[in-house]
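Heads up, the thing below is written out as structure tokens.
The values are calculated or read from the model by the stated rules, or taken from the named source; none is laboratory data. The model shown is predicted, which means the values in this text are computed figures rather than measured ones. Positions of Cβ are backbone-derived with ideal geometry, glycine not excepted, and every protein chain shown enters the neighbour counts.
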Amino acid sequence: MKNFYDQDANDIAKELTTSTTDGLSSQEAKKRLAEHGPNALAAKQKKSMFMRFLDQFKDFMIIVLIAAAILSGVVAGEWTDAAIIMIVVILNAVLGVIQEARSEAAIEALKEMATPSAHVKRDGKVIEIPSTDLVPGDLVMLEAGDVVPADLRLVSAHSLKIEEAALTGESVPVEKNSETLTEKDVPLAERVNLAFSSTNVTYGRAEGIVIKTGMDTEVGKIATMLNEADETDTPLKQNLNQLGKTLTIMILLICVFVFAVGVLKASPADRNSALLINMFLVAVSLAVAAIPEGLPAIVTIILALGTQTMAKHKAIVRKLPAVETLGATDIICSDKTGTLTQNKMTVEQLFYDKKLVDNKVAIDQANPALMAMVLANDTKIESSNSLLGDPTETSLIQYAFDQKIDVFKMLDTYKRVQEVPFDSERKLMSTVNQYGDKYFVAVKGAPDELLKRVASVEINGHVRPITDDAKEEILATNQKLAKQALRVLGLAYKVVDNTYDDPTTDNVEQELIFAGLVGMIDPERPEARDAVAEAHRAGIRTVMITGDHQVTAQAIAERLGILEAGHDERVLTGAQLDELDDDYFIKHVGDYNVYARVSPEHKVRIVKAWQANGKIVAMTGDGVNDAPSLKQADIGIGMGITGTEVSKGAADMVLADDNFATIVEAVKQGRKVFSNIQKAILYLMSCNVGEVLTVFMMTMLGWDILAPVQLLWINLVTDTLPAIALGIEPIEDGIMDRKPRGRKSNFFSGGVASSIIYQGILEGVLVLSAYQIGLHVGPHVNEPSLQHGDALTMAFLTLGLIQLFHAINSKYIHQSIFRKRTWSNKWFNGAIVLAAIIMSAVEIPFMTKFFDVTELDPVQWLVVLCAGVAMIVIVEVVKLFQRKLGKE
């Protein structure tokens, strides 16, 4: 593959059969357009809406739910229940289609980034054409404000600067030239003689030959990676699939077993069609009891409520499962520019009068260093004091504003009459400014180049000839600031009596008086360091990945606490990463905290390496270059303010405030969501185990069996309101002191599986006990037929109400419920009371016949309520022993 940056522009022109002065002929351009196709990005072929809809029904849990709907409706005749299940299934399918359609928005946003037109030379004339008509060999004209329409090899460049942060992560515009590079394997961000499609020209002008168009451009490569990226199943989806498969196998085995035992236990004479139908209905009852048909709906509701809470904290969730995935995050791979930093250059330190001071120290308006900053500056100040221009220059004006300097008065007093524009070769800029009958020459630029032209130095208002020692001190200070990753500019001035006939560097920038140095940096966000520390406390590792220079990346990482000072070995560049094979890198990915000078391919590779180690990875980013890794990560986090539409389209979650600290708050909310889903599953599954055990044992013992309508009523009352209310429990204390649960964990981890089993068994035992007690208490003790009806009614009400008592247990999986905070969730309190009223409504006289129950007396009701209280007491005693044994 040709690099182009290491080839002479004239040789490239010959190879592409074009001219560096006249460009292509119109006829040749038309021919090449037919050969290469339009200069546009292609998206992968889209599925029809119908096929997308059908794909949603391949999920195992959905199949289980459809089977439950069929059993409930066709066999048991419960069409209302069947309709509810199918509504949930269809709603999930519709949501899935919407989410899939949104995921394709990233490619559409990439296509929209392309500039609509371009200025090219054809037949020796400059014309404007649609950018889609550009072909390799076209000669393109660029100037400030243009969006680069294709990948170009620059033929000429005049003070050209291009802002490439969205593509390379470079925090400041890159100075470009047309010189041939002699190095091999030059990183993307350092290919200074190339201009890349969809980047922005901020300064100067240039001409360049089109070398790549469409999907062959660097931004096209990103589009290809987005098209080819696999959608990663979230831990939530994996857990629900696993739960669905496990439940289906268990349900089928239990139903078949109960059906067979019931038939075999009957005498040969009783084995008729009526028995078969009855046992089949019993098996259906078991299936209805065992399938948590409301679980997907409840999980969706809990996630939806979680998204609302996150939105209040400035985290906008685009895909519901992302809420829960955040809580499982092990690694946050964070982009630097605009994510951990403010994405704006800021003056941090100044050196003048032989003193190094920070930006908080007051500076005099007459200080020549300050005057040079303001006057040798092309920043445009809008009426609202917003600043337009090169980020380095705008930071100097902003510093003056922050120092309460009257910038407008200074510019009005010192009117610019001449200038020597910035040049990438001499790396200086100068202006000649008239004040009275004198002229103040302001100069800023690279310190080493500036010192070559300095004859004097001003110290505390006194100008004296500069000595070698003074120069060494200035250079040493420059080096000191550079090691702190500061971008350093030298400042100088002189006062002359007349303007210049022909202002050039040879006359304007000579015999200068050194005024000072200014050090700037794209500073870290003030809250980012605390956020990184909190993530670390929660067992989450922050890894910085940036396209910026190694020194800058390392300095920012040290300031944020991502990297300990002096640990250079934990910083890896993209070039060094290329030298590592995949097996070695996967094994040693944990050795590195910071990656610098990386490409989009590197970012994806880093994410995959962590995932290969079983880690759940969140990736933050705001640029086009972040989009593939955002899509590859378990959860992609885009920036809402500075982020491109491409990155936001590829993300699962978007930060409305671009605040890294918001991620940590979102992780906290994600952990709460998982914890609440786990509580809901513990509650639902233990209740279902209790129901299955009750029906199973009644069948095995030859007792009266609860009817399908009774089980459906219990499920309708207890599986909805209390479970949803558990889903909105507040955050538990110390939730951010726990380590990430990891990819291998699931909803049954952390003692939940054992709790489901023993609590389900306990529930079944208490219900069966209530049935047995019911045979010996109440008004019908001497009437066996009526007494059996009372006992079955007591079992029915105990099974329903005991689940509501158990919902209170489920508020804490291991902690005691005997605390004031237990009753802080008013929605839960209301749900339990309402569900209890609805459950008890079967005792209303006109309802008893419908549910085939009897009216209980106070003693029988006391037995029912005591069973519920016993459920709470016994579970709390078990929790106490678990805490004593350290099993929580």
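Restricting attention to strands (runs of 3 or more DSSP E) lying wholly within segment 352-446, give those where 1 or more residues are modelled with pLDDT of 90 or more and among the small types (Gly, Ala, Ser).
428-435, 438-445
Could you run through segment 838-877 and say how many residues are in contact with a Gly (Cβ under 8 Å, 6 or more places away or on another chain) and of a type outside the set (Asp, Glu)?
Here the count works out to 7.
What pairs come up if the first residue lies in segment 262-285 and is over 18 Å from residue 693 (Cβ atoms), the second is surrounded by 10 or more Cβ atoms within 10 Å (Cβ to Cβ) and at pLDDT below 70, and their beta carbons are under 9 Å apart, counting only those six or more places apart or on different chains?
280/75; 281/75; 281/76; 281/708
Residues in segment 416-432: is at least one more than 30 Å from residue 506 (Cβ to Cβ) and touching a residue at least 40 places away in the same chain (Cβ under 8 Å)?
No: zero hits.
Which one of these is at pLDDT below 85 and not β-branched (Val, Ile, Thr): 564, 645?
Just one listed residue meets the conditions, 645.
Taking helices (runs of 4 or more DSSP H) that do not extend beyond segment 752-869, which have at least 1 residues that are of a type in the set (Asp, Glu)?
Result: 752-774, 784-809.
In the set 300, 346, which member is touching a helix residue (DSSP H, G or I) at 6+ places or on another chain (Cβ under 8 Å), modelled with pLDDT under 80 and surrounded by fewer than 21 Cβ atoms within 10 Å (Cβ to Cβ)?
Going through 300, 346 in turn, the sole match is 300.
Taking segment 181-193 as the region of interest, how many residues are touching a Gly at 6+ places or on another chain (Cβ under 8 Å) and not in a loop (DSSP other than H, G, I, E, B)?
Count: 2.
For segment 177-200, name all the residues that are under 28 Å from the mean Cα position of the chain (by Cα) and within 26 Å of residue 485 (Cβ to Cβ).
187, 188, 189, 196, 199, 200
Looking only at segment 130-156, which residues are part of a strand (DSSP E or B) and at pLDDT 90 or above?
Selection gives 139, 140, 141, 142, 151, 152, 153, 154, 155, 156.
Would you check if there is a residue in segment 797-806 being β-branched (Val, Ile, Thr) and either within 43 Å of the chain's Cα centre (by Cα) or at pLDDT 90 or above (or both)?
Looking through segment 797-806, at least one residue is β-branched (Val, Ile, Thr) and either within 43 Å of the chain's Cα centre (by Cα) or at pLDDT 90 or above (or both).
Does residue 586 satisfy the condition of being outside any helix (DSSP H, G or I) and either among the β-branched types (Val, Ile, Thr) or touching a residue at least 24 places away in the same chain (Cβ under 8 Å) (or both)?
no
Working only within segment 143-196, note down all residues that are hydroxyl-bearing (Ser, Thr, Tyr) and within 21 Å of residue 575 (Cβ to Cβ).
Result: 168, 171, 180, 182.
Counting just the residues of segment 834-860 that are free of Cβ contacts under 8 Å to residues at least 24 places away in the same chain and closer than 18 Å to residue 802 by Cα, which one comes out surrounded by the most Cβ atoms within 10 Å (Cβ to Cβ)?
Here the residue is 841.
Could you look through segment 737-760, keep only residues that are under 21 Å from residue 666 (Cβ atoms) and small (Gly, Ala, Ser), and pick out the one that is farthest from the chain's Cα centre (by Cα)?
Among those that are under 21 Å from residue 666 (Cβ atoms) and small (Gly, Ala, Ser), it is 745.
Tell me, yes or no, whether segment 165-176 has at least one residue that is in a strand (DSSP E or B), in contact (Cβ under 8 Å) with a residue 12 or more places away in the chain and either out of contact with any Lys or Arg (no Cβ under 6 Å at 6 or more places or on another chain) or closer than 23 Å to residue 485 by Cβ (or both).
yes
Let me confirm something: among 329, 300, which residue is part of a loop (DSSP other than H, G, I, E, B), more than 30 Å from residue 441 (Cα to Cα) and in contact (Cβ under 8 Å) with a residue 12 or more places away in the chain?
Result of the check over 329, 300: 329.
Considering segment 309-324 alone, what residues qualify as being modelled with pLDDT of 80 or more and under 13 Å from residue 672 (Cα atoms)?
Across segment 309-324, the qualifying residues are 309, 310.
Restricting attention to segment 314-343, which residues are surrounded by fewer than 20 Cβ atoms within 10 Å (Cβ to Cβ) and β-branched (Val, Ile, Thr)?
Matches in segment 314-343: 316 only.
Could you please let me know if residue 355 is without any contact (Cβ under 8 Å) to a residue 24 or more places away in the chain, more than 30 Å from residue 458 (Cα to Cα) and over 14 Å from the mean Cα position of the chain (by Cα)?
Spelling it out, it is not the case that residue 355 is without any contact (Cβ under 8 Å) to a residue 24 or more places away in the chain, more than 30 Å from residue 458 (Cα to Cα) and over 14 Å from the mean Cα position of the chain (by Cα).
Mind telling me which of the residues 608, 603 ends up being over 30 Å from residue 484 (Cβ atoms) and either in a helix (DSSP H, G or I) or not small (Gly, Ala, Ser) (or both)?
Only one candidate qualifies: 608.
Are there strands (runs of 3 or more DSSP E) fully within segment 456-547 with at least 2 residues that are surrounded by fewer than 16 Cβ atoms within 10 Å (Cβ to Cβ)? List them.
Result: 462-465, 487-496.
Has segment 787-806 got at least one residue that is on the phi < 0 side of the Ramachandran plot and out of contact with any helix residue (DSSP H, G or I) (no Cβ under 8 Å at 6 or more places or on another chain)?
Yes.
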